[in-house]
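The values are calculated or read from the model by the stated rules, or taken from the named source; none is laboratory data. No experiment lies behind these values; they were computed from the predicted model shown. In this analysis, Cβ positions are derived from the backbone assuming ideal geometry, glycine residues included, and neighbour counts consider all displayed protein chains. For the accessible areas, the whole protein counts, side chains as well, though only heavy atoms, and no ligand, DNA or RNA atoms are used. Shrake-Rupley method; radii C 1.70, N 1.55, O 1.52, S 1.80 Å.
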Amino acid sequence: QEQGEAALTEAELEQRVEIFLAETETLWMLDLPTAVVSTEAEGAGRVLERNKIYEEICKAKIDSEYFEEKRVQTISGAAKSKEVQCETISTAEKGMVVTSWDLDNSLDASEPEPAETEEATSPAGERSQSPTAAGHSQAGAVPSATAIAESAAPARSHEEKECHSGAILTSAKLQQDLVVMERILMENIFQPKLAVYRQIPVLIEPVVTSDTEAEAGEEEEGEEEKEEQKQEEASEPEQRAAEGAGPRLEQLWSYRCDLTRGHSVSSMAWNRVNPDLLAVGYREFVPRDQKKGLACCWSLKNPMWPERIFRCEHGVTAVDFSRASPSLLAVGTADGRVAIYDVRSRRDAALLDSSTSLNKHKGPVWQLRWVEQDRGAAAGDKGERLMCISGDGRMTLWFIQQRLDCSDVMEIKRTESGKKKLPGERERKSEGPISQQAAGMCFDFHPEDTDIFLAGTEEGHIYCCSCSGKEQILGTYRGHKGPVYKVAWNPCSTDVFLSCCADWSILLWHRDCHTPLLTFTSVTAFVHDITWAPKSAVTFAAVNEQRVEIWDLSVSIFQPVLSCAASPEGNLSSLLFARNAECLLLGDSCGQVGVWQLHNLAVPSTDQV
């Protein structure tokens, strides 16, 4: 082909060429002729004739002596499995209670009413049926208006019953009765534990038996009494040994529910008037999966569900009840918000909120407290004020008026480093304005002079400050190497205070000495909270990561008199002494507040101060 091809000239290239495109012949790749022919087709007669001949041949073979029937095994095709997916069939059991009067009413409603007929009385006193009524009675197809009304009466009565039952379920009287029934059930369940908490005898239910059982059990009771006497005699030395063994803790119950699971207890506070009402703040420590905070009010009447639940957008970091208005609960959150709730109301909304305030905190509100302070120069003119300390380095005083607003009591400044400047070293420039503020962590007002308070910072310093006067900082206490989590004045010896820190230590301070008097360290773990015993000058409690410790300085200043693991599921985060019982409340990172009974704790004396 290459040799036969010649180069085209320019004239040939310019010449017009016409090309006609046409379809090629059909190429059949697969042809399967059909085995069925329609009766209306052209070759239908020929196919019918062939089928008739085939049938005659088959009949002839059956009658022939040369025909023999044999069976042949054929190959069976591969089995196919088909799966069908559908929803699971769910079953449910339903039942209802039917009383005798319900049966009577249903029978009365199902019985047909006799058709009323129009009757006319003749002057002679004889009754005759009118033609119209007779026609209706004979035909029976056109019901009267009275029959329609009577047939609709059962339907209306059923609707009225449903409306009446709905009104009963939503009535305030039923809700109050359910609350009373809930209280009775809780008393029955927790009666032994509550009796121990109240320090009253535990009631034992008598065993009710019939006359025959009583006669048969008299002999057994006599033998049981003898065995009990022997057991009591044998257990007396053990009880005496347990009483003299030292302090111990016994768990009574825990305030917990499904709502608080997954949260961590951040703070607790008793109501000032009702000692059985406890406010607990909950937050979430994991920053990636922050949950909404909760502020719950628990009561001894129901340890299984809180009386009030206040939901917050961020984690709750501090709670405290007012003394002047015991129904007001102050709540501080991790975003710097301060809110006041009225526990008498079941509404979730706050009574007052600092979100609209121009002076609101920019950091977490780590602690807040209602404090009684002098309002003016008049003697005895005291008022209650709300004080807060935040991570933005400010301690504020909040005014409760038509809206919630605050003013700064003091700003905590960072202290200069104690390192000496080396010879030839240049002076460093001053730090930026953001780093000038030191984060405030905790505070505590003096039990006698409410103008003086302690403030712990993230740097590890403790400041003794005054609310009045030009010089706010009266002294600085340096001894901790990490954030100070809690400071607490001694309620009996008012010149002594405690502090706990992330450096694993608890320090005992005197107001006039800027160095710690004693250092308490038992385990290598953060000490999250400390508190003095209410009526003791030498006893205090502390919680670290896993254990709770009871220290009695009259016994030992080196080791706690009691140290035990009180939260196997999580880490302990806060503690609080009960006001009207010898109990200790422990909050953990799982949302539980355990109530623990203190046994064999030393009785406070007057010479402890």
Rough spin-label spacing in nm, given labels placed 7 Å along Cα→Cβ, for Ile473 and Ser345: 4.2
Gyration tensor (alpha-carbon) shape descriptor, the stretch 502-601, a/c threshold 1.5: oblate
Most to least accessible of Glu42, Glu284 (protein chains only, probe 1.4 Å): Glu42, Glu284
Amide hydrogen neighbours beyond the local backbone of Asp552, cut-off 5 Å, H modeled: Val561
Rounded accessible area of His314 (nearest 10 Å², 1.4 Å probe): 70
Karplus (6.51, -1.76, 1.60) ³J(HN,Hα), θ = phi - 60°, over the stretch 459-465, in Hz, Gly and Pro reported as x: 6, x, 9, 10, 10, 9, 10
Long-range HN-HN contacts of Ser322 with modeled amide H, under 5 Å: Leu328, Ala330
Heavy-atom surface of the stretch 473-531, accessible at 1.4 Å and reported per residue (Å²): 41
Amide H contacts under 5 Å for Thr333, placed H, 5+ residues apart: Thr317, Val365
Nearest-10 value in Å² for the accessible area of Ser90, using the 1.4 Å probe: 100
Solvent-accessible area of Ser38 with every protein chain in place, 1.4 Å probe, in Å² to the nearest 10: 70
Length added when fully stretched, Ala79-Gln15, from 0.36 nm per residue minus Cα-Cα: 16.2 nm
Residue-by-residue Karplus 3J(HN,Hα) for the stretch 392-408, coefficients 6.51, -1.76, 1.60, Hz, glycine and proline x: 8, x, 10, 10, 10, 10, 9, 9, 9, 10, 5, 9, 9, 9, 9, 9, 7
Derived scalar couplings ³J(HN,Hα) [the stretch 578-584; Karplus, 6.51 cos²θ - 1.76 cosθ + 1.60; whole Hz; x for Gly, Pro]: 6, 7, 10, 7, 8, 9, 10
Anisotropy class of the stretch 439-497 from Cα gyration tensor, a/c 1.5 cut: oblate
Extension gain (nm, one decimal) between Arg50 and Cys513, 0.36 nm per residue minus Cα-Cα: 153.9 nm
Paramagnetic reach from Val555 in the stretch 561-578 [backbone N under 11 Å; point 7 Å along Cα→Cβ]: 561-563
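Length gain on complete extension for the stretch Gln546 to Arg323, per 0.36 nm per residue less the alpha carbon to alpha carbon distance?
In short, 77.0 nm is gained.
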Net charge of Cβ neighbours under 12 Å - reference Arg403; Lys, Arg +1; Asp, Glu -1: -1
Spacing of the two label points (7 Å from each Cα toward its C-beta) at Val179 and Ile200, in nm: 2.1
Exposure ranking of Cys465, Cys58 by accessible area [1.4 Å probe, largest first]: Cys58, Cys465
